[in-house]
Amino acid sequence: MIISHKYRFIFLKTRKTAGTSIELWLSQHCADSDIVTPVEPEEAGHVPRNHQGIFDPLRELAQSLYSPGEVVHSARRTLGDLVRRRRFYNHIPGRLVQARILSRIWRSYWKWCVEREPGEKIISDFYMQRVAYPGLSLEEYLSTYPPPVNYPIYCNSGYKPIVDQFIDYAQLQSQLRDLASKLHITFQGLEHKAKSNYKPGNVEDDSILSASARRIIKERFAVERSIVGRFNGI
């Protein structure tokens with residue numbers, strides 16, 4: 001996650017959408033006063049800064065930031081973040097960013113994120129998990145691991161987007177170029193592709209998605225699809 005006061009934008013980092021590569025590009029242009037959260041694992045050239053600090057927990061506890069089913073868990077998370085001075089972090093939900101910064105900054109800065117076709121996210125995450133568990137099958141992955149659903153990052157508790165722009169992963173380079181021009185940031189393409197070596201180069205995505213896997217993906221990403229309103233295929 002990045003908050004750039006220099007370029008007046010807020011980048012919400014979603015899962016399995018080249019977020020680390022984008023942060024590597026952006027962090028090299030950010031000012032010392034900007035906020036850049038750490039990435040895991042660490043990447044050369046990425047310099048986290050200004051992400052720790054205290055915040056007013058009452059502001060986010062008093063607001064309707066969470067759905068009823070997650071209030072207790074989220075309250076514990078808020079208080080835990082406060083104790084650890086964990087103000088901003090990797091993949092932080094945008095509604096928490098909104099509560100932890102000045103209202104005028106949230107209103108006036110350009111808020112954006114990247115989203116990707118669900119099946120591609122599943123396959124990307126599956127192969128990353130197989131680095132630690134080489135024998136993991138796709139069926140075992142789907143029954144064991146939480147899917148990389150992103151809408152809690154860019155929506156409020158009422159499932160309404162709180163970003164100004166979705167970048168389409170399928171058109172990542174061209175849309176980042178347009179955004180960079182809008183924000184007056186130098187962009188010559190994403191030169192470093194972080195975490196891109198997990199998936200074997202000879203594997204076609206469609207070849208590993210069975211009919212049952214496609215049904216599961218469709219069900220698990222139904223809310224996300226309806227929010228973004230642009231996914232096709234699976």
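The values are calculated or read from the model by the stated rules, or taken from the named source; none is laboratory data. Since we're looking at a predicted model, the values are computed, not measured. Positions of Cβ are generated from backbone atoms using ideal geometry, with glycine treated the same way; all protein chains shown enter the neighbour counts.
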Residues in the stretch 7-51 that are in a loop (DSSP other than H, G, I, E, B), among the hydroxyl-bearing types (Ser, Thr, Tyr) and either over 25 Å from Ser103 (Cβ atoms) or touching a strand residue (DSSP E or B) at 6+ places or on another chain (Cβ under 7 Å) (or both) total 2
Filtering the stretch 60-76 down to residues that are surrounded by 14 or more Cβ atoms within 10 Å (Cβ to Cβ) and either modelled with pLDDT of 70 or more or basic (Lys, Arg) (or both) yields Glu60, Leu61, Ser74, Ala75
Taking first residues from the stretch 72-87 that are over 20 Å from Pro48 (Cα atoms) and second residues anywhere that are aromatic (Phe, Trp, Tyr), the pairs with Cβ under 6 Å that are 6 or more apart or on different chains are Ser74/Tyr66
Tell me, yes or no, whether the stretch 32-49 has at least one residue that is of a type outside the set (D, E, K, R), more than 27 Å from Ser181 (Cβ to Cβ) and either surrounded by 16 or more Cβ atoms within 10 Å (Cβ to Cβ) or in contact with an Asp or Glu (Cβ under 8 Å, 6 or more places away or on another chain) (or both).
yes
Can you tell me which residue in the stretch 88-140 is surrounded by the most Cβ atoms within 10 Å (Cβ to Cβ), limited to those that are over 24 Å from Lys6 (Cβ atoms), free of Cβ contacts under 8 Å to residues at least 24 places away in the same chain and among the aliphatic types (A, V, I, L, M)?
Leu136
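Yes or no, residue by residue, for (1) outside any loop (DSSP other than H, G, I, E, B); (2) farther than 27 Å from Ala180 by Cβ:
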{"residue": "Glu60", "(1), (2)": "yes, yes"}
{"residue": "Ser74", "(1), (2)": "yes, yes"}
{"residue": "Arg86", "(1), (2)": "no, yes"}
{"residue": "Asn90", "(1), (2)": "no, no"}
{"residue": "Met128", "(1), (2)": "yes, yes"}
{"residue": "Val149", "(1), (2)": "no, yes"}
{"residue": "Ile153", "(1), (2)": "yes, no"}
Return the pair list, or none, for Cβ contacts closer than 8 Å from residues in the stretch 28-47 that are without any contact (Cβ under 8 Å) to a residue 60 or more places away in the chain to residues that are part of a loop (DSSP other than H, G, I, E, B) and of a type in the set (S, T, N, Q), at least 6 apart or on different chains.
Ser33/Asn50; Asp34/Asn50; Ile35/Asn50; Val36/Asn50; Thr37/Asn90; Pro38/Asn90; Glu40/Asn90
Taking first residues from the stretch 2-23 that are farther than 16 Å from Arg49 by Cβ and second residues anywhere that are surrounded by fewer than 22 Cβ atoms within 10 Å (Cβ to Cβ) and of a type in the set (Asp, Glu), the pairs with Cβ under 6 Å that are 6 or more apart or on different chains are Lys16/Asp125
Within the stretch 163-175, is even one residue under 23 Å from Arg59 (Cβ atoms) and surrounded by fewer than 18 Cβ atoms within 10 Å (Cβ to Cβ)?
yes
